[in-house]
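Comments concern the structure below.
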Amino acid sequence: MKEAFKKNREKLLNRIEMFSAAVLFAGKAPFKRGDEKYPFSPDRNFYYATGIDREDCILFLAKTRTGVEETLYIPRDNGVMSKWVGANMTAEEAREASGIENIGWIDEFEGDFASYIFKNGIKKLWLDMENREWDDALSPALEFAAKVRRNAPQMVFGDLYQAFSEMRLIKEDWELERMRKAMDITRLGIEAMMKTAKAGMKEYEVEAAYDYTLMKNGVREKAFQTIAAGGKRGTILHYVANNQPVADGELLLIDAGAQWEWYNGDISRTFPINGKFTERQKLVYNIVLEGQQKVIDAIKPGVPFADFNELLKDHYFEALQKIGLVDTKEDVAKYYYHSVSHYLGAETHDVGRYGDRILEPGMVLTVEPGLYIEEWEIGIRIEDDVLVTEEGNEVMTASMIKTVEEIEAFMAGEPHDRV
């Protein structure tokens, strides 16, 4: 695997100028309370460039007339603390995982950095400047940028976030392999929920079957907090309380994703808690399902990303007008109020520009149309993960059942033949 991360660093170095340096931070788990920390999850851009998923590490890259500099800074041996929390990564382990030969100690980084930029005439520093919340706590990169501005005010800054957004948008085979594994385990988890579901159960009781299945299959981290929304709660897009009973005759909307080696699946299914759709539920479900298929059929290289949401809204307007729910296309927003797709990868909502984006082979998209009819207490979302290919597309989650007939048969204990 280290060859893949070497290739990623080469792609990154090709995007920065001569006499430039780049610094990437793995991040650190914040303290929860006392001496307990939240679980650590590596910064995905750092991981993409190094293959290292340990906290408190820094990657330094530079381009000068003498060539390319690559140094990975890691914490020193933690001595007696290894008996409490496990040993820190060794220099040899870091080399083997990343393919970076030059390993330094994290406590020496700032001194080494200051010396290097002065001696080698570094004019521009590239950092991951992602900052989605203006008043949020500063990331390690933004904190470091402030320190460099104080001590080297002549330095010009560049933003690596946009570079990573472009590089990570097109998935390599090894990334797709991890995603397929995450998606398949997600499928198994949702199928376990369907098998477990009974009228009157609380949402978290059904969710427990999903959690057990993931753990049984070696998954310790989810892509995101599972949504298990019964009845009217299914009309709340990001409902995660999952603590209410699901009454006989109600639908249960599931939005879930497993994570495998830092790559994600993301699948949504909606099914009747008692195993049988009512006629009204079936009507709405099939409108959503037909809309999803129209979007999937349209996915191919060269198509503008923005087209898909308009295609879906056109479908909804026609279908909802027939059943008397809307009079104008603008009315559709009452029942459908999110986008039909997002990128998927090392993050659930993976990095990458939308707007004027044209699809290219190697992109992975979700297709997740929904309808949320609060007055009918019906919330339905159906989501699959789709790879853009040279010829068109591949539904990576095609083995997951989703028609009314398949769901009812599966919940009745009948086998299904999806592959």
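The values are calculated or read from the model by the stated rules, or taken from the named source; none is laboratory data. Quick caveat: nothing in here was measured; it's all calculated off a predicted structure. Here Cβ is always computed from backbone atoms with ideal geometry, including for glycine, and neighbour counts include all displayed protein chains. Side chains are part of the model used for accessible areas, which takes the heavy atoms of the whole protein and leaves out ligands, DNA and RNA. Shrake-Rupley method; radii C 1.70, N 1.55, O 1.52, S 1.80 Å.
When every residue of region 407-414 is checked against the conditions, at least one turns out to be surrounded by 17 or more Cβ atoms within 10 Å (Cβ to Cβ) and aromatic (Phe, Trp, Tyr).
Of ALA306, ALA298, ALA256, which residue is closer than 29 Å to TRP174 by Cα and touching a Ser or Thr at 6+ places or on another chain (Cβ under 8 Å)? Don't jump to the end; show me each part of the working.
Working: ALA306 fails: touching a Ser or Thr at 6+ places or on another chain (Cβ under 8 Å); ALA298 fails: touching a Ser or Thr at 6+ places or on another chain (Cβ under 8 Å).
On inspection, the qualifying residue turns out to be ALA256.
Residues in region 8-33 that are open to solvent by 10 Å² or more (accessible area, probe 1.4 Å) and of a type in the set (Lys, Arg): LYS11, ARG15, LYS28, LYS32, ARG33. May I ask you to say which residue of VAL364, VAL388 is open to solvent by less than 10 Å² (accessible area, probe 1.4 Å), more than 14 Å from the chain's Cα centre (by Cα) and either among the acidic types (Asp, Glu) or under 20 Å from GLU175 (Cβ atoms) (or both)? After applying the criteria, what remains is VAL388.
Specify which of the listed residues (ILE296, ILE358) is open to solvent by less than 30 Å² (accessible area, probe 1.4 Å), β-branched (Val, Ile, Thr), over 24 Å from GLU203 (Cβ atoms) and touching a residue at least 12 places away in the same chain (Cβ under 8 Å). Give the derivation first.
On the way: ILE358 fails: open to solvent by less than 30 Å² (accessible area, probe 1.4 Å).
Sole residue among the options that is open to solvent by less than 30 Å² (accessible area, probe 1.4 Å), β-branched (Val, Ile, Thr), over 24 Å from GLU203 (Cβ atoms) and touching a residue at least 12 places away in the same chain (Cβ under 8 Å): ILE296.
Residue-wise test of (1) open to solvent by less than 90 Å² (accessible area, probe 1.4 Å); (2) farther than 19 Å from GLY158 by Cα; (3) touching a helix residue (DSSP H, G or I) at 6+ places or on another chain (Cβ under 8 Å); (4) at pLDDT 95 or above.
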| site | (1), (2), (3), (4) |
| --- | --- |
| GLY99 | yes, yes, yes, yes |
| GLU108 | yes, yes, no, yes |
| PHE118 | no, no, no, no |
| GLY121 | yes, no, no, no |
| TRP126 | yes, no, yes, yes |
| MET129 | yes, no, yes, no |
| ARG132 | no, no, no, no |
| ASP135 | no, yes, no, no |
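Would you mind stating whether VAL340 is in contact with a Leu (Cβ under 7 Å, 6 or more places away or on another chain), open to solvent by less than 60 Å² (accessible area, probe 1.4 Å) and either under 30 Å from LYS222 (Cβ atoms) or not β-branched (Val, Ile, Thr) (or both)? Yes. If you go through region 261-303 and keep only what is closer than 16 Å to THR397 by Cα and of a type in the set (Ser, Thr, Tyr), you end up with TYR263, SER268, THR270.
Look at region 242-263 and say how many of its residues are in a loop (DSSP other than H, G, I, E, B) and either open to solvent by less than 20 Å² (accessible area, probe 1.4 Å) or free of Cβ contacts under 8 Å to residues at least 12 places away in the same chain (or both). Steps first, answer last, please.
Residues of region 242-263 that are in a loop (DSSP other than H, G, I, E, B), as a first pass: 242-244, 246-250, 257, 261-262.
Still in the running and either open to solvent by less than 20 Å² (accessible area, probe 1.4 Å) or free of Cβ contacts under 8 Å to residues at least 12 places away in the same chain (or both): 242, 246, 257.
Selection size over region 242-263: 3.
Name the residue, out of ALA29, ALA21, that is among the small types (Gly, Ala, Ser) and more than 21 Å from the chain's Cα centre (by Cα).
On the way: ALA29 fails: more than 21 Å from the chain's Cα centre (by Cα).
Exactly one residue qualifies, and that residue is ALA21.
Among the residues making up region 73-88, a single one is of a type in the set (Phe, Trp, Tyr) and free of Cβ contacts under 8 Å to residues at least 12 places away in the same chain: TRP84. Filtering region 161-173 for residues that are of a type in the set (S, T, N, Q), open to solvent by 40 Å² or more (accessible area, probe 1.4 Å) and at pLDDT below 95 leaves a non-empty set.
Looking only at helices (runs of 4 or more DSSP H) that lie completely in region 1-117, which have at least 2 residues being more than 27 Å from GLU347 (Cα to Cα)? Before the answer, list the steps.
Details: elements: 2-13, 44-50, 82-85, 91-98.
In region 1-117, the matching helices (runs of 4 or more DSSP H) lie at 82-85, 91-98.
How many of the residues in region 53-74 are of a type in the set (A, V, I, L, M) and either open to solvent by 60 Å² or more (accessible area, probe 1.4 Å) or under 18 Å from the mean Cα position of the chain (by Cα) (or both)?
At the first step, the residues of region 53-74 found to be of a type in the set (A, V, I, L, M) are 58-59, 61-62, 68, 72, 74.
From what's left, either open to solvent by 60 Å² or more (accessible area, probe 1.4 Å) or under 18 Å from the mean Cα position of the chain (by Cα) (or both): 68.
The qualifying residues number 1.
For PHE46, the stated conditions do not hold, so it cannot be described as touching a Gly at 6+ places or on another chain (Cβ under 8 Å), over 23 Å from ASP107 (Cα atoms), open to solvent by less than 20 Å² (accessible area, probe 1.4 Å) and of a type in the set (Phe, Trp, Tyr). If you go through region 240-278 and keep only what is farther than 15 Å from GLU377 by Cα and of a type in the set (A, V, I, L, M, F, W, C), you end up with VAL240, ALA241, ILE254, ALA256, ALA258, TRP260, TRP262, ILE267.
Okay, residues lined up against (1) touching a residue at least 60 places away in the same chain (Cβ under 8 Å); (2) in contact with a strand residue (DSSP E or B) (Cβ under 7 Å, 6 or more places away or on another chain); (3) farther than 17 Å from ILE100 by Cα:
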site	(1), (2), (3)
PHE5	yes, no, no
ASN8	yes, no, no
ARG15	yes, no, yes
ASP43	yes, yes, yes
ASP56	no, no, no
THR71	no, yes, no
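The set of residues in region 202-230 that are out of contact with any Ser or Thr (no Cβ under 6 Å at 6 or more places or on another chain), buried (at least 20 other Cβ atoms within 10 Å of the Cβ) and not in a helix (DSSP H, G or I) comprises VAL219, LYS222, THR226, ILE227, ALA228, ALA229, GLY230.
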